[in-house]
Amino acid sequence: MQSAQQQIVIIGTGGTIAGAAGSATDNVGYKAGQLSVATLVGAVPALQSEALEAEQLAQLDSKDMDEVTWARLARRVQQHLDREEVRGIVITHGTDTLEETAYLLQRVLAPRKPVVLTAAMRPATALQADGPQNLLDAVAVAKTPGARGVVAVMAGQVLHGLEIRKTHTYRLDAFEPGPDTGLLGVVEEGVVRAFRDWPTGEALGAAVLPEDAARWPWVEVLASHGGARGQALEAWRQAGLQGLVLACTGNGTVHQALGAAVEALRQSGVPVWRTTRCAQGRIVGAADEKAAQLTPWAARIELSLQLLQQH
Ligand code: ASP
């Protein structure tokens, strides 16, 4: 066994970082989640002298992330964090829903040790794959003295787990911090230069996440837009929707055609939260300040957690 707090655990969940294409010049026509996390670690020579253990928890394209995987992941991460010899955790993940997993893990675990999500925009087979450097940087962050909480590491940037958002479909630096905040830090030659405090908070506990998908509440995101119709919302209500996040226009406005259906939902006791579909800013003057500054996707997680706590 390693001396106290030396061990880094790398948990693989799939994604493009573990993706493979038929040709080294194909950066889009690949299949995510093909290579094992042990293979990813084995491809980075500088990691071979580190005290690492690699474990495969899932092998998903993260567009298909699901509640059962989230529940398993949160529990497994907590188990490793509870081990005295573990210094930090790295999770390899797809970029598509990384921000949802990061938000969920920070709210549920709020760990005192670092939990670092990393990913790649190009498959492992690409001529210039970004995964190996991101993995190396993620391990550097997990080993950094004072590092704590859930963060993401991508293209040399460290981003706060509650704020991160994917803002580009193709670029290697596909993520940005929240609109009014900045990067948590950068990784330069294996050294972290932090600009802000690490994420802290009160943990809800992994047990709040049911292992049975049927016990998760049904929460949807609906965007307001020109030509909106209320029928979809009404159908959701009748089918038993339990929570709604509106991705509103501008500073939290909703098309009048949705008004009656939103009101009917509220009348039947279904919480309706407003977020903005704008890439920048927050809803100024919103009654629910918390949702007002979240992306619709983070708000959907937050509302789900709130409903889970009530049951
Ligand atoms: N579809 C992939 C995923 O989220 C995209 C990526 O990882 O970049 O798993």
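The values are calculated or read from the model by the stated rules, or taken from the named source; none is laboratory data. Computed from a prediction, not measured in an experiment: that's the story for all the values here. Counting neighbours? That spans all protein chains shown, and the Cβs are built from the backbone with ideal geometry, glycine included.
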_Restricting to the range 78-100, name every residue that is in contact with a helix residue (DSSP H, G or I) (Cβ under 6 Å, 6 or more places away or on another chain), outside any strand (DSSP E or B) and more than 16 Å from the ligand (Cβ to nearest atom)._
Q78
*What pairs can you find where one residue is in the range 278-297 and of a type in the set (A, V, I, L, M, F, W, C), the other is outside any loop (DSSP other than H, G, I, E, B), and their Cβ atoms are less than 6 Å apart, with a gap of 6+ or different chains?*
I283/T276; I283/A292; A286/A292; A291/W273; A291/T275; A291/A299; L294/T275; W297/E100
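When you check L60 against the structure, is it aliphatic (A, V, I, L, M) and either within 28 Å of V208 (Cβ to Cβ) or touching a Gly at 6+ places or on another chain (Cβ under 6 Å) (or both), yes or no? Lay out the reasoning, then the answer.
On the way: aliphatic (A, V, I, L, M): yes; either within 28 Å of V208 (Cβ to Cβ) or touching a Gly at 6+ places or on another chain (Cβ under 6 Å) (or both): yes.
Judged against the criteria, L60 is a match.
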*Mind listing just one residue for me: the one in the range 149-173 that is crowded, with 20+ Cβ neighbours inside 10 Å and of a type in the set (V, I, T) and, of those, farthest from G29 (Cα to Cα)?*
V150
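Any idea which of L209, L241, L222, L258 is out of contact with any strand residue (DSSP E or B) (no Cβ under 8 Å at 6 or more places or on another chain), at pLDDT 95 or above and surrounded by 12 or more Cβ atoms within 10 Å (Cβ to Cβ)? Working first, answer last.
On the way: L241 fails: out of contact with any strand residue (DSSP E or B) (no Cβ under 8 Å at 6 or more places or on another chain); L222 fails: out of contact with any strand residue (DSSP E or B) (no Cβ under 8 Å at 6 or more places or on another chain); L258 fails: out of contact with any strand residue (DSSP E or B) (no Cβ under 8 Å at 6 or more places or on another chain).
That would be L209, the only listed residue that is out of contact with any strand residue (DSSP E or B) (no Cβ under 8 Å at 6 or more places or on another chain), at pLDDT 95 or above and surrounded by 12 or more Cβ atoms within 10 Å (Cβ to Cβ).
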*For residues that are surrounded by fewer than 22 Cβ atoms within 10 Å (Cβ to Cβ) and farther than 21 Å from T97 by Cα, scanning just the range 1-20, find the one that is nearest to the chain's Cα centre (by Cα).*
Q7
*Report those strands (runs of 3 or more DSSP E) wholly inside the range 150-234 carrying at least 1 residues which are small (G, A, S).*
185-188, 191-194, 219-223
*Consider L294 against the criteria (1) closer than 25 Å to E176 by Cα; (2) modelled with pLDDT of 95 or more; (3) in a helix (DSSP H, G or I): it satisfies all of them except one. Which criterion is unmet?*
(3)
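So how many residues does the range 174-193 have that are small (G, A, S) and buried (at least 16 other Cβ atoms within 10 Å of the Cβ)? Reasoning before the result, please.
Quick first cut of the range 174-193, residues small (G, A, S) only: 174, 178, 182, 185, 190.
So of that shortlist, the ones also buried (at least 16 other Cβ atoms within 10 Å of the Cβ) come out as 174, 178, 185.
So the count comes out to 3.
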_Single residue of A126, A119 found to be among the small types (G, A, S), within 15 Å of the ligand (Cβ to nearest atom) and surrounded by fewer than 24 Cβ atoms within 10 Å (Cβ to Cβ)_ = A126
*When L73 is evaluated against the numbered criteria (1) assigned to a helix (DSSP H, G or I); (2) under 15 Å from T118 (Cα atoms); (3) within 11 Å of the ligand (Cβ to nearest atom), which criterion, by number, is the only one it fails?*
(3)
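Please go through the range 12-69 and pick out each residue that is of a type in the set (G, A, S), within 14 Å of the ligand (Cβ to nearest atom) and either touching a strand residue (DSSP E or B) at 6+ places or on another chain (Cβ under 7 Å) or closer than 10 Å to T92 by Cα (or both).
Our first condition is that a residue be of a type in the set (G, A, S); within the range 12-69, this holds for 12, 14-15, 18-24, 29, 32-33, 36, 38, 42-43, 46, 49, 51, 54, 58, 62.
Going one step further and asking which of them are within 14 Å of the ligand (Cβ to nearest atom), we end up with 12, 14-15, 18-21, 29, 32-33, 58, 62.
Selection gives G12, G14, G15, A18, G19, A20, A32, G33, A58, S62.
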